[in-house]
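A.B. asks: Could you have a look at this structure, given as structure tokens, before my questions?
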Amino acid sequence: MKKIKFPSAQSVLLLIAAFVALLTWCIPSGQYDRLAYNKEENSFVKTSLENSITLEASQKTLDGLGVKIPLEKFTSGAIYKAISIPGTYQKLEARPQGFKEFILAPLKGIIAVADIIILVLFIGGLVAIVNYTGAFEAGITRLSNLLKGKEYILIIAVTSLIALGGTTFGLAEETIAFYPILIPIFIAAKYDAIVALACIYIGSTIGTMVSTTNPFSTIIASNSAGINWTTGINGRVIMLLTGLIICIAYIIRYAQKVKKDPSKSIIYDQKDSIEKMFSFKTSTESINFTLQLKLVLTIFITCFIIMVYGVVNLEWWFLEMTGVFFVGAVLIGFIYKINETVFVNTFIKGANELLSVAFIIGLARGVTILMEDGLISDTLLYYSSSFTDGMNKGLFINSTMFVYSGLSFFIPSSSGMAVLTMPIMSPLADTVSLGREHVVNAYLLGVGLFSFINPTGLILASLAIVNVGYNKWLKFIIPLVIILALVSILFLTISVYI
């Protein structure tokens, strides 16, 4: 009997899109009214499906709407997206998404994330240019010699640094740039591609899962809950360190097992094809790491440093990041004196190698568009908030965490989740005599836990880079998710009773 092959990432997302389209025929449509601050006119804009009205930007207006958030959170720009208004949910005329909407959703998704797609393609082009110079081969050979016998240091360093980026400024989509660079390094260290994927993706996810200063989750969620973002930070730091240690230990345990016996690798059947895809030519000759190649790698690394600085300090986003990588590629072309025709062809070929990744990002966004157009996300939020009503402290906070895990499938954006749900969910903490920071923590942990496996998030795009199946990732990651879920339950339960 022929073995059934698990579908590709693209097919998985199309199946999910079909499932979501079907849900829009089963789940009632509904929506909360939205409230946004107009900085230019210093006023609030209250929007429903029927109309949009302008209101005075005052604390009295907020109190009258039942929005328990200080006015300065809006006027200072801390809350810059429209929030849901508590108590305004209403059922609406059904908007079932049919065959036409299902077909157009992926195309709309690709258009909606065009800036991310362009970034991914330009990263592919830059990596191809650096690869053409031989700088990667020389640098990886030198690094392999330095770390010989101590390759585990690479796991600790990469996971910790990326987790640091995740917890401080929400390093997530930007990690796509790291896979083509780091995977060859881990393969050279006799690990498999899963180890490289784990260090990058798990590092980013555990960092964003327990965000400390991340403006796209902790800060915006705290602001939307009407509290200071530093409230509860001590507990988050403890949880971050605990989670990071667990993740690193989990990765090292698997990595050492694979290093000792490659057949223990979850992707052993793909070993040759992946190594052919990412490993550089095998040669016993010593590679001369020339000054020119060192300069090429310096420019390449500097691109990432500039990218991080721009995102953190200059409010850069995908367009500016793409510009940095483009300039870096051109500079390397000049320094290495690459022929113009060769440069263009190499750059395009590199971009083409990440085209499937770019399309997966667009397809995932298309799933979200189906939910938004079908008006079912707010309905799910409404019933989820009702589900936690009347529970005791421990059951309430842990149920809230799992509610957020479920909602993150439908609202994969952490900032979008915060502004849409926190004005509704955070007041529920008042009913059980809890500080609202506990709901913020439940939101972070719930969204973070599901992010490890969320097919509408970044994982499928990450797996596509090495052509690893989603089923193999689930086999690898599920035990870690269970461990982190138990630790999260323990953390939340203790925090509400002390």
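The values are calculated or read from the model by the stated rules, or taken from the named source; none is laboratory data. Since we're looking at a predicted model, the values are computed, not measured. Neighbour counts are summed over all protein chains in view; Cβ atoms, including those assigned to glycine, are modelled from backbone coordinates with ideal geometry. The area values use the complete protein model at the heavy-atom level, side chains included, leaving out ligands, DNA and RNA. Shrake-Rupley method; radii C 1.70, N 1.55, O 1.52, S 1.80 Å.
A.B. asks: Roughly how many debye, to the nearest 20, is the charge dipole of the chain about its Cα centre, given +1 on each Lys and Arg Cβ, -1 on each Asp and Glu Cβ, and no other charges?
C.D. replies: Details: 35 positive and 30 negative charges, 328 e Å.
Roughly 1580 debye for the chain.
A.B. asks: While we're here: Using alpha carbon centroids, what distance separates the stretch 115-183 and the stretch 402-455, in Å?
C.D. replies: When both Cα centres are located, 31 Å separates them.
A.B. asks: Report, ordered by chain and residue number, the aspartates and glutamates lying within cross-link reach of LYS276, taken as a straight Cα distance under 20 Å and ignoring same-chain residues fewer than 8 apart.
C.D. replies: Filter leaves GLU137, ASP192, ASP261, GLU285, GLU353.
A.B. asks: Note the angle between two axes, namely the Cα long axis of helix 152-169 and the longest principal axis of the Cα atoms of the chain, as a number of degrees from 0 to 90, rounded to the nearest 10.
C.D. replies: 30 degrees
A.B. asks: Applying the Karplus parametrisation 6.51 cos²θ - 1.76 cosθ + 1.60 with θ = phi - 60° to the phi angles of the stretch 419-435, what ³J(HN,Hα) value in whole Hz is obtained for each residue in order, glycine and proline being reported as x?
C.D. replies: Coupling constants for the stretch 419-435: 6, 7, 9, 4, x, 8, 7, 5, x, 5, 5, 4, 6, 10, 6, 10, x Hz.
A.B. asks: Looking at the stretch 46-127, how many pairs of lysines come closer than 28 Å at the Cα, when each pair is eight or more places apart or spans two chains?
C.D. replies: 18
A.B. asks: Mind scanning LYS148/LYS260; LYS294/LYS349; LYS148/LYS271; LYS190/LYS260; LYS150/LYS294; LYS190/LYS264 and naming the pairs with a C-alpha gap bigger than 19 Å? Intermediate results must be reported in sequence, preceding the final value.
C.D. replies: Working: LYS148/LYS260 14 Å; LYS294/LYS349 24 Å; LYS148/LYS271 21 Å; LYS190/LYS260 9 Å; LYS150/LYS294 23 Å; LYS190/LYS264 13 Å.
The answer is LYS294/LYS349; LYS148/LYS271; LYS150/LYS294.
A.B. asks: Ok, one more. With bins 10 Å wide starting at 0, give me the P(r) of the stretch 146-235 over every alpha carbon pair, in whole percents.
C.D. replies: 18, 41, 24, 13, 4, 0
A.B. asks: Could you work out the mean projected area of the convex hull around the alpha carbons of the stretch 91-242, in square nanometres to one decimal? Working shown, then result.
C.D. replies: Details: hull surface 54.8 nm².
For the stretch 91-242, the mean projected area of the Cα convex hull comes to 13.7 nm².
A.B. asks: Can you pull a Stokes-Einstein diffusion coefficient for the stretch 21-180 at 20 °C (1.002 mPa s), Rh from Kirkwood over Cα pairs, as a whole number of µm²/s?
C.D. replies: Details: Rh = 21.3 Å.
In µm²/s, the coefficient rounds to 101.
A.B. asks: On the accessible surface of the chain, probed at 1.4 Å, how many percent belong to carbon and sulfur atoms?
C.D. replies: On the way: 14170 of 22420 Å².
Looking at the chain in its full context, I get 63 percent from C and S.
A.B. asks: Going toward the positive end of the dipole of the chain, with +1 on Lys and Arg Cβ and -1 on Asp and Glu Cβ, which of GLY203, CYS303, TYR37 do you reach last?
C.D. replies: Most positive-ward Cα: GLY203.
A.B. asks: Translational diffusion coefficient of the stretch 142-194 at 20 °C, 1.002 mPa s, Stokes-Einstein with Kirkwood Rh over Cα pairs, in µm²/s as a whole number. The partial results should precede the final answer.
C.D. replies: Working: Rh = 12.0 Å.
Stokes-Einstein gives a translational diffusion coefficient of 179 µm²/s.
A.B. asks: Let me ask something additional. Send over a whole-number figure in Å² for the accessible area per residue of the stretch 362-498, probe 1.4 Å.
C.D. replies: Spelled out: the 1.4 Å probe surface of the stretch 362-498, per residue, equals 31 Å².
A.B. asks: Tell me, rounded to the nearest percent, the portion of alpha carbon pairs in the stretch 351-498 spaced more than 23 Å apart.
C.D. replies: Details: 4544 of 10878 pairs.
Across the stretch 351-498, Cα pairs with separations above 23 Å total 42 percent.
A.B. asks: Another one. With a ≥ b ≥ c the root eigenvalues of the C-alpha gyration tensor of the stretch 411-498, is it rounded (a/c under 1.5), prolate (a/b larger than b/c) or oblate?
C.D. replies: Working: a/c = 4.60, a/b = 1.76, b/c = 2.62.
In terms of gyration-tensor shape, oblate.
A.B. asks: Per the Cauchy relation, a quarter of the hull surface: what is the mean projected area of the convex hull of the alpha carbons in the chain, in nm²?
C.D. replies: Approximately 26.0 nm², given one-decimal rounding.
A.B. asks: I'd like the Karplus ³J(HN,Hα) series for the stretch 361-376: coefficients 6.51, -1.76, 1.60, θ = phi - 60°, whole numbers in Hz, and an x wherever there's a Gly or Pro.
C.D. replies: Once θ is set to phi - 60°, the couplings for the stretch 361-376 become 4, x, 5, 5, 5, x, 4, 5, 4, 4, 5, 5, 5, x, 6, 10 Hz.
A.B. asks: Let me ask something additional. Skipping prolines and chain starts, which residues have an amide H placed within reach, meaning under 5 Å, of the one on LEU55, given they are 5 or more residues away or on another chain?
C.D. replies: PHE44, VAL45, LYS46
A.B. asks: Something else about it: I'd like the projected area of the stretch 293-424, averaged over all directions, using the convex hull of its alpha carbons. Report it in nm² with one decimal. Show your work: numbers first, answer last.
C.D. replies: Values: hull surface 47.8 nm².
That works out to 11.9 nm², a quarter of the Cα hull's surface.
A.B. asks: Take the Cα atoms of the stretch 199-333, find their three principal axes, and give me the spread along each one in whole Å, biggest first.
C.D. replies: The Cα atoms of the stretch 199-333 stretch 62, 42, 23 Å along their principal axes.
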